[in-house]
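Notes follow the structure.
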Amino acid sequence: MKFKTPFQSNIKIIAEKKFYKIDKDSILKNEKNRILIISKPIFINNYKYCVFYYKAFFSGLGGSDELSLFEKVNEIWVKKEEFCSSIN
């Protein structure tokens with residue numbers, strides 16, 4: 001899946017089981033590192049739209065979370081709407 005978002009391009013994906021075992025503070029010591037948790041996507045209207053929830057943790061800055069609606073445009077998922085957005 002290709003997304004047109006401000007997500008960091010250098011991403012390492014890990015299994016949820018491993019996420020709870022890692023030292024998150026050591027990852028966030030580097031200001032460029034972020035932790036992004038993404039829910040399982042819900043596809044709507046024959047995969048034209050996708051809804052998912054995500055949480056982002058940033059080094060020393062707290063984090064944010066939101067529920068997002070994406071639309072598939074020319075094989076790229078483009079954010080159309082965000083709901084319940086918050087900054088911690």
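The values are calculated or read from the model by the stated rules, or taken from the named source; none is laboratory data. Here the structure is a predicted model, which means the values were calculated and not measured. Because the Cβ atoms are built from the backbone with ideal geometry, glycine has one as well, and the counts that use them run over all protein chains shown. Note: areas computed on protein heavy atoms with side chains; ligands, DNA, RNA excluded. Shrake-Rupley method; radii C 1.70, N 1.55, O 1.52, S 1.80 Å.
Once you list every other residue whose beta carbon is under 11 Å from the beta carbon of SER64, what net charge do they have if Lys and Arg are +1 and Asp and Glu are -1? Before the final figure, lay out each step's value.
Values: positive: ARG34, LYS55; negative: ASP65, GLU66, GLU82.
Around SER64, the charge tally is -1.
Just subtract the alpha-carbon distance of ASP23 and ILE37 from 0.36 nm times their residue separation and send over the number in nm, one decimal.
On the way: separation 14, 0.36 × 14 = 5.04 nm, distance 1.51 nm.
This chain segment gains 3.5 nm when fully extended.
Could you compute how much accessible surface VAL51 exposes when probed at 1.4 Å, giving the result in Å² to the nearest 10?
Accessible area of VAL51: about 30 Å².
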